[in-house]
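What follows is one structure encoded as structure tokens, with my remarks underneath.
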Amino acid sequence: MSAVLEIEGLQKTYRSRRRGTRHALAGFDMRVEAGQVHGFLGPNGSGKTTTLRTLLGLIKPDGGRMAILGREVPRALPEVAGQVGAIVESPQFFPHFTARDTLDLLASAGDVPRHRVAEVLELVGLRDRADERVKTYSLGMKQRLAVASALLKNPKLLILDEPANGLDPGGIREMRALMADLAAAGMTVVLSSHILGEVQLICDSVTIISLGRRVATGPVAEVLAQHSSGTVRLRLE
Ligand code: ATP
């Protein structure tokens, strides 16, 4: 299998007068194979958001190497940008717009053909509610709309920062079904979480980060078995 995402020795230190020096990433490694729903698991403050934002060129790293679809990041980001869909901040939608209006607007701004809007609404399971206003949506439906917006360009890699945050068990099961559908459609998904149970339910494989370093990686069942036998020690809420 080919790697869709590769990170080696990634380093990032934040320096501020108020908060002092923080080594957010201290030589972090990660590898994600095609077609996986890959969990990026670690406690709050372990470096997940910094990693994802660095991958997308939003933060400049201090060192290390990253590649998406075999192309070096950030140099090749403009070329691979259309093949990467990402949600790294909670998207704000106009509450009085319907889901269809929201996606139509994003499609026209992003030069995406209109027929793609119907396709992504179907993919995320919002077709029947597409003409209702976003303000009537549950959190889970808003998350699915966010995923729909990231899917407009039909990306090969989808990067989601804490997409299951705040969802109830029903919402998490829906998220699992959606991620499985996306993987079946040939997409690779990387999703971050600080909740072990979420990753266990939703993902095929996992990388665990703690204090800016990889502490384990592999198929979810294998890694979590090591974890419960004490090989991998974690502090996860
Ligand atoms: P969370 O789940 O809480 O978002 P995370 O795993 O995504 O956590 P990061 O947000 O990447 O972790 O933070 C990693 C470390 O870097 C933390 O110690 C955090 O306090 C610090 N940090 C993050 N952003 C900044 C910043 N802009 N300035 C200074 N320190 C920062």
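The values are calculated or read from the model by the stated rules, or taken from the named source; none is laboratory data. No experiment lies behind these values; they were computed from the predicted model shown. All Cβ positions, glycine included, derive from the backbone under ideal geometry; neighbour counts span all protein chains shown.
Some notes on this structure:
- Any hit, region 138-157, residues being surrounded by fewer than 19 Cβ atoms within 10 Å (Cβ to Cβ), in a helix (DSSP H, G or I) and of a type in the set (V, I, T): no
- Within region 108-119, considering residues that are modelled with pLDDT under 95 and either among the aliphatic types (A, V, I, L, M) or in a loop (DSSP other than H, G, I, E, B) (or both), the one surrounded by the most Cβ atoms within 10 Å (Cβ to Cβ): V112
- Matching residues in region 1-44 - criterion: being among the acidic types (D, E) and under 24 Å from I202 (Cβ atoms): E6, D29, E33
- Residue count for region 26-56, restricted to those that are within 8 Å of the ligand (Cβ to nearest atom) and not in a helix (DSSP H, G or I): 6
Residue-wise test of (1) in contact with a Leu (Cβ under 8 Å, 6 or more places away or on another chain); (2) among the basic types (K, R).
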{"residue": "A3", "(1), (2)": "no, no"}
{"residue": "I7", "(1), (2)": "yes, no"}
{"residue": "R15", "(1), (2)": "no, yes"}
{"residue": "R22", "(1), (2)": "no, yes"}
{"residue": "G27", "(1), (2)": "yes, no"}
{"residue": "A34", "(1), (2)": "no, no"}
{"residue": "G39", "(1), (2)": "yes, no"}
{"residue": "G45", "(1), (2)": "no, no"}
{"residue": "T49", "(1), (2)": "no, no"}
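- Selection over region 5-25 of residues that are over 30 Å from M175 (Cα atoms) and either in contact with a strand residue (DSSP E or B) (Cβ under 9 Å, 6 or more places away or on another chain) or assigned to a strand (DSSP E or B) (or both) gives a count of 11.
- Residue match in region 173-180 (condition: part of a helix (DSSP H, G or I), touching a Cys at 6+ places or on another chain (Cβ under 6 Å), surrounded by 19 or more Cβ atoms within 10 Å (Cβ to Cβ) and modelled with pLDDT of 90 or more): no
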